[in-house]
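Visitor: Sharing a structure with you now.
The values are calculated or read from the model by the stated rules, or taken from the named source; none is laboratory data. As the structure is a prediction and not an experimental result, all values here were calculated from the model. Each accessible area value is taken on the protein alone, full model and side chains, heavy atoms only, with ligands, DNA and RNA left out. Shrake-Rupley method; radii C 1.70, N 1.55, O 1.52, S 1.80 Å.
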Amino acid sequence: MNNDSKNNRREFLKTTGKAGLAAGLSLTVLPSLAEKYNSKNYFRITGDDISYSQQPLPYAYDALLPAIDAMTMEIHYSKHAAAYAKNLADAVTAEGVDTGKTSLTDLLGGISKYSVKMRNNAGGHYNHELFWKTMKAPGKDIPVPAESLLNAIEKNFTSVDAFKTQFSDAAKGRFGSGWAWLVLGADKKLLIGSTPNQDNPLMGISELKGIPLLCLDVWEHAYYLKYQNRRPDYITNWWSVVNWDVVQKRFDAVK
Ligand code: MN
C-alpha cells in the first residue's frame, strides 16, 4: 500500500465513522482497524530506549536554571513522574502485560485494549521520560537543530523561527493539562500538535499520530511554582534547554 492510499484509508476511518456504522460496521471493529492501521505496522523508531521503569534524571535538579527551577524539577521528577511509573507497573501486573514481549511503544499503540489507568500512566510515564531526555543545561551556543532535522524543519515550516512559533502556539493553546509535540507522521512529514492529559501520539486513539521527537509538558505542575499563570513565559524560556542532539538522533532513527 503506498502512502497516498494509506492516507486515504486513514482519512476514511477518521471522517466516515458514522457512515461506516450506517453501512453495518460495528463500533468495536472501527477502533481496532484504526489502531492496527495507525500504530506499529507501518513505521518504527529504532533505538527508542524508553523502558517501563523510571530512569535516573540525566542532570541535576538545578541544571535547567533559569528556565526551570530546582524545586519544580525535584517534585516533578520524584513525585509526579515517579507516581506514573509506579502506577504503570501496577497496571501492567494487574492486566497481565508481558513486558518481555510487548514494548512500551507497542503497548501505547494498542492502548484501547487496556484500562483508563493504563492509558493515563503508560502515557504519563513515556511522556515524562522523553521530556527529561530532550532537555539539557542551557549552553552558550544558540540552541537550534542541526543537519537533517534542520533541513526537514525548514522544508515543513519554512524556518526554525516559524517552527518555534507554531510549536509554542500549540503549547499555549492546549486547554487545561496536556503536552505539545513535534512528531514524525506516517508520511515522514513533521507535524506539530498537542494532546490532552497524558495522551501520546503513539496511541492508536490519539488524534495526533506519529513518532514523538520532542515534547513539552504544559501541566501546571511543570511550571506553576516559578511562573504561576504565565504559561507563555515558561514556554519561551524552555526553548533554551531543548536538547537538540537527542531530538536529532530520534529523527535519524526513524526508519
Ligand atoms: Mn508532568
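Visitor: Could you order PHE167, PHE251, PHE175 so the one with the most accessible surface comes first? Probe is 1.4 Å. Provide the component values of the computation, followed by the final result.
Guide: Values: PHE167 0, PHE251 35, PHE175 185 Å².
Ranking PHE167, PHE251, PHE175 by accessible area, largest first, yields PHE175, PHE251, PHE167.
Visitor: Probe radius 1.4 Å, ligands and nucleic acids left out: which of ILE211, ILE205 has the largest accessible area, and how do the rest follow?
Guide: Details: ILE211 10, ILE205 70 Å².
Descending order: ILE205, ILE211.
Visitor: Return the subset of LYS155/LYS209; LYS140/LYS172; LYS117/LYS226; LYS188/LYS249; LYS164/LYS189 for which the Cα-Cα distance in this structure is over 24 Å, preserving the input order.
Guide: Details: LYS155/LYS209 20 Å; LYS140/LYS172 27 Å; LYS117/LYS226 30 Å; LYS188/LYS249 15 Å; LYS164/LYS189 16 Å.
The answer is LYS140/LYS172; LYS117/LYS226.
Visitor: Another question, if that's okay. State, as an integer percentage, the relative contact order of segment 70-253 based on alpha-carbon contacts under 8 Å between residues 6 or more apart. Working shown, then result.
Guide: Working: 261 pairs, mean separation 47.7, N = 184.
Averaging sequence separation for qualifying contacts and normalising by length gives 26 percent for segment 70-253.
Visitor: Further question on the same structure: For segment 134-201, what's the relative contact order in percent, using C-alpha pairs closer than 8 Å and at least 6 residues apart? If you can, show how the numbers build up before the last one.
Guide: Numbers: 66 pairs, mean separation 15.5, N = 68.
With pairs under 8 Å counted, the relative contact order is 23 percent.
Visitor: Ignoring ligands and nucleic acids, what accessible area does THR165 show with a 1.4 Å probe (Å², nearest 10)?
Guide: 80 Å²
Visitor: Pulled fully out, how much extra length does the chain show between PHE175 and LYS79, if you take 0.36 nm times their separation in residues and subtract their Cα-Cα distance? Write out the running numbers ahead of the final one.
Guide: Details: separation 96, 0.36 × 96 = 34.56 nm, distance 2.36 nm.
So the extension gain works out to 32.2 nm.
Visitor: Over all alpha-carbon pairs in segment 191-255, figure out the percentage whose distance exceeds 17 Å. List each step's numbers first, then the result.
Guide: On the way: 1103 of 2080 pairs.
For segment 191-255, the share of Cα pairs beyond 17 Å comes to 53 percent.
Visitor: If the cut-off is a Cα-Cα distance under 14 Å, which aspartates and glutamates reach LYS133, setting aside same-chain residues fewer than 8 apart in sequence?
Guide: The qualifying aspartates and glutamates are ASP48, ASP49, ASP217, ASP245.
Visitor: Working with all protein chains in place, sort ASP98, ASP161, ASP106 by solvent-accessible area computed with a 1.4 Å probe, largest first.
Guide: Working: ASP98 75, ASP161 110, ASP106 40 Å².
Ranked list, largest accessible area first: ASP161, ASP98, ASP106.
Visitor: Another one. Note down, for segment 70-253, the three equivalent ellipsoid semi-axes (square root of 5 times each alpha carbon gyration tensor eigenvalue), biggest first, whole angstrom. Present the calculation step by step, with values, prior to reporting the outcome.
Guide: On the way: eigenvalues 138, 82, 43 Å².
Ellipsoid semi-axes (Å, largest first): 26, 20, 15.
Visitor: Need the C-alpha centroid separation for segment 210-244 versus segment 158-204, integer Å.
Guide: 12 Å
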